[in-house]
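Please read the structure below before turning to the comments.
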Amino acid sequence: MRRRYYLHKRKNIFYAELVTPEGRRTTAKSTGKTTEDEALLVVSKWLSEGIPRKGMEKPVETVLGLSEILKSIRKVDLDSNDAMKIVEALKKKDLVDFNVTRTGSGSKLFTDFLEEFWDWNSSVYVKERLSQKKNSIGRRHCYENQCRIHSFYNVYFANRTLDSITWQDLRDFSLFLSNKREKPENYKGHFAEELSASYKNKIMILGKTALRWAYNEELITSDPTAKKKIRFSGEKKKRGVLTPQEVETVFNNVEWSDKRSLIGNWLAMTTGMRAGEVLAVRKSDIGEKVLFLRHSWSIMDGLKCPKNGEEGNIPLLSEVKVALMELLHDNPHKVDDPFIFYSLLEDKPMDQKILNDGLKAACMAAGIDAKARNITFHGHRHFFSARLADRMSAEQVRRITRHKTPEIFEEYADHPTDKNFEDMAIATAEVFANIIPFRKAG
């Protein structure tokens, strides 16, 4: 390999001569350093950033002139990454204005790249996220993103290569997502003529995440997502939350057809747990006065870490613990660590649909229009956060409910009443003792 520099010492100062691609030495220049290690650091910087000349930073090639640059390009072995860097440098100087495609990774179809990027089984990005454990990524998330790719990216970006995507393309795509859609013939299932702001953001984020990763991995030479943020805003449909009086009616004056659904809704109401976390509860998770939150359940992933990778301990009311132990006794599967909310299969809990359908039926029996008010199982988490926020500091409640940011917690706790207590367990017991007398299912 040809040497890139020569270093020698004059009167305790190290001087360097850099070697051009043609093999010529530049004039010796002082590094200003008295030790060889410090001088080598200076030389390394010159090789990567250029030689200082009369107050200006100029790369060696510029100092030598355009003709020698062209000679260097003809002689040196360049790959597609090198070629694209040259093109990007010319673009930055406004000397060229056109898209250039190349052979190699950048020439892959953009939609093919996206599908591979969000393939849970083979994606390098997914494997990196899984290795980090925290902020992990699930099969369902990848599956949903692949569905969005098929529905939107494949339509808009057909036959476009990865390295041809620009910020303007993403902006135009965002406008495309904002257009009203026509329902295809023979289409079955729910169809929305207009996409919600949050759903459009999910579609955009999956593409921007992949493009940013491709840039960091040097698969493309510029980051199309770096210019300006493209984000949709709109009024989010407010989550419906039952009032304390409605909660008392739903759990006290209504017959529930499925005991598992009743107790699962109790558990979520009194702990703020998510549906997947409720379904994942097993015998070993039930402590004396504490529920150990270790897992969440997903139909595609099975047992996995709770959302945001945050395990925790949750105060468990004694009445709820008794109900959980009753379900454990009812469980027909005699395995070492069974699911509390059992199903016909010993290695899987019941379907989440049982939790949702039980709540809807109970609301209907109580004369509550759950659909019109957007009341869902997840609303229990809002109810719990709001009621506890009346009695404790927001930060104390946030630590129990494991909300990622204070902003998200504020959204959940936007149903305050005027009471204040300090201890979480005592506050939980006092809040729910009079609201839920824990009737058994009929």
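Values in this text are rule-based calculations from the coordinates and carry no lab data. None of the values given here were measured: they were computed from a predicted structure.
Numbers below:
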item	result
Ellipsoid semi-axes in whole angstrom, largest first, where each is sqrt(5λ) of the Cα gyration tensor of region 119-190	27, 19, 11
Tail beyond 12 Å, pair distance distribution of region 207-250 (Cα, percent)	73 percent
Interchain or long-range residues, amide H under 5 Å from R160's placed H	F110, T111
